[in-house]
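Okay, so here's the structure we're looking at.
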Amino acid sequence: MTWVPGAADSGYDLNHLPYGVVVPSDGRARCAVRIGDFAFDLDAAEAAGLILAGDSLRAPNLDAFLALGPAHWSAVRARLTELLGDPEHRAAAEPLLLPLATVTNLLAWTVADYVDFYSSEHHASNVGQIFRPGQPPLLPNWKHLPIGYHGRAGTVVVSGTPVVRPSGQRAAGDFGPCRRLDIEAEVGFVIGAGSTMGAAVPWQRFADHVFGVVLVNDWSARDIQAWEYQPLGPFLGKSFATSVSAWITPLAAFGADAWTAAPVQDPQVLPYLDDDRRALDLAITVEWNETTVATPPFRTMYWTPAQQLAHLTVNGASLRTGDLFASGTVSGPERGEVGSFLELTWGGREPVMVKGEERTFLADGDTVVLRARVADIELGAVAGTVFPAQV
Ligand SMILES: O=C(O)/C=C/C(=O)CC(=O)CC(=O)O
Ligand SMILES: [Ca+2]
Ligand SMILES: [Mg+2]
């Protein structure tokens, strides 16, 4: 139980405490945790000696705190639970609550490397059928390893950042604004503690390295992508913007009721990928101009984040503080459960109704909001509005 007004049943109760960076009216960015509709000022809390985190929270982003590792993360979480839970601390802590309506959010950490996986069997086979009709929907390697590609860390932006429609080559000799602008609803994992180059990180060490979870919208230019991606994979069709939620939910916030069984894998995977099949049971919603158009279930992902982490490092590639790896588009088995408009409209051939209009891909002015919930935890939403192309 927290003494913070309105936090109970808000999705941001005492058991959640996601981290972010806020800017209040004084214009100075500071680390914060969200409780209900407030941001608790961690910079001020550490300055006042209410929290001890080696001054890592007295910084304009979470980078130093992320690097501290799991023992420090849990010590700070335990202390925050006392400060915001025990009425004895109310007098000291309440002045450090900033109403969310009075702050803006910044990207909470410096994204080091960004990797995007492709781990939904339903998404991969849908896209295979749409992009490569007449061929087997899954390529032969798909069930043997989590396919992924390295994305562009510098264009990862916080929820609310405008998304400018990209321009590029749409076909041979055809340059112009993207005509098939799309979303990808994904779940992202933020690396806190890094690893040593040359040493693989086994899936069992997931919680030693992964700090927390964000929602991700991997904006995708389908015409640019379809023309450019063979044989090396996605490039400019994906690199113009990737939006993430402002709040990072720490792994420690997910209780036993947040986890369920991941799909059984057949064929048997190699030993380094043979994990415990635990899936976060996040229910995602995709809102297009305030209309809910899809509800992707994260538990249906074929490859788990623990397997993705093991695969990402099995060749000895190291992890760095701030690395972000995204799950890949989350699509369930039903049409109403897909995480992209490419699938929802089957390549643009089957429009959907959005606010009384038939729609296929994104128009300028459209807004997409992704949300996700599991048990009583609401992940930070990720929102973006499309602005017209500049060239
Ligand atoms: O199968 C393809 O050719 C393309 C697939 C994607 O665009 C998906 C992607 O970026 C990875 C993912 O989000 O699942
Ligand atoms: Ca993607
Ligand atoms: Mg992207």
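The values are calculated or read from the model by the stated rules, or taken from the named source; none is laboratory data. Just so it is clear, the structure is predicted and the values come from calculations on it, not from any experiment. Glycine gets a Cβ as well: all are built from the backbone with ideal geometry, and neighbour counts include every protein chain shown. Protein only, heavy atoms only, side chains kept; ligands, DNA and RNA dropped before computing areas. Shrake-Rupley method; radii C 1.70, N 1.55, O 1.52, S 1.80 Å.
Mean 1/r over all different Cα pairs, inverted: what Kirkwood radius does the stretch 295-367 give, in Å?
Working: mean 1/r = 0.0671 Å⁻¹.
Here the Kirkwood hydrodynamic radius works out to 14.9 Å.
Hey, any idea what Rg/Rh is for the stretch 217-287, computing Rh the Kirkwood way over Cα pairs? Write down the numbers at each step before the final one.
Working: Rg = 17.3 Å, Rh = 16.0 Å.
Value, to two decimals: 1.08.
For the chain, which whole-number percentage of the solvent-accessible area (1.4 Å probe, protein heavy atoms only) is attributable to carbon and sulfur atoms?
Exposed carbon and sulfur together represent 56 percent of the surface.
How are the Cα pair distances of the stretch 19-106 distributed, in percent, across 10 Å bins from 0?
Once binned at 10 Å, the Cα pair distances of the stretch 19-106 give 18, 54, 27, 1.
Averaging the inverse of every distinct alpha carbon separation and then flipping it gives the Kirkwood radius. What is it for the chain, in angstrom units?
Values: mean 1/r = 0.0465 Å⁻¹.
About 21.5 Å for the chain.
Report, by chain and number, residues whose modeled amide H sits under 5 Å from the one on Gly194, excluding near sequence neighbours (fewer than 5 apart, same chain).
When sequence neighbours closer than 5 places are left aside, the close amide H contacts are Thr321.
Using the heavy atoms of the protein chains alone and a 1.4 angstrom probe, what is the accessible area of the chain per residue in square angstrom? List each step's numbers first, then the result.
Values: 15880 Å² over 391 residues.
I get 41 Å² per residue for this part.
For helix 70-85, report the angle its Cα long axis makes with the longest principal axis of the Cα atoms of the chain; keep it between 0 and 90° and round to the nearest 10°.
60 degrees
What is the local net charge at Ala258, summed over the other residues whose Cβ is closer than 13 Å to its Cβ (Lys, Arg +1; Asp, Glu -1)? Spell out each step's value before the answer.
Values: positive: Arg278, Arg299, Arg373; negative: Asp257, Asp281, Asp376, Glu378.
Overall, the nearby charge balance is -1.
In a shell of Cβ-Cβ distance under 12 Å around Gly49, excluding Gly49 itself, what net charge do Lys and Arg (+1) and Asp and Glu (-1) give?
On the way: positive: Arg58, Arg79; negative: Glu46, Asp55.
Charge balance in the 12 Å sphere: 0.
Compute the signed sum of charges (Lys and Arg +1, Asp and Glu -1) over the other residues within less than 15 Å, Cβ to Cβ, of Arg205. Each step should come with its number before you reach the end.
Working: positive: Arg278; negative: Asp208, Asp274, Asp275, Asp276, Asp323.
With Lys, Arg at +1 and Asp, Glu at -1, the net is -4.
Using alpha-carbon positions, what is the distance between the centroids of the stretch 370-391 and the stretch 88-150, in Å?
11 Å
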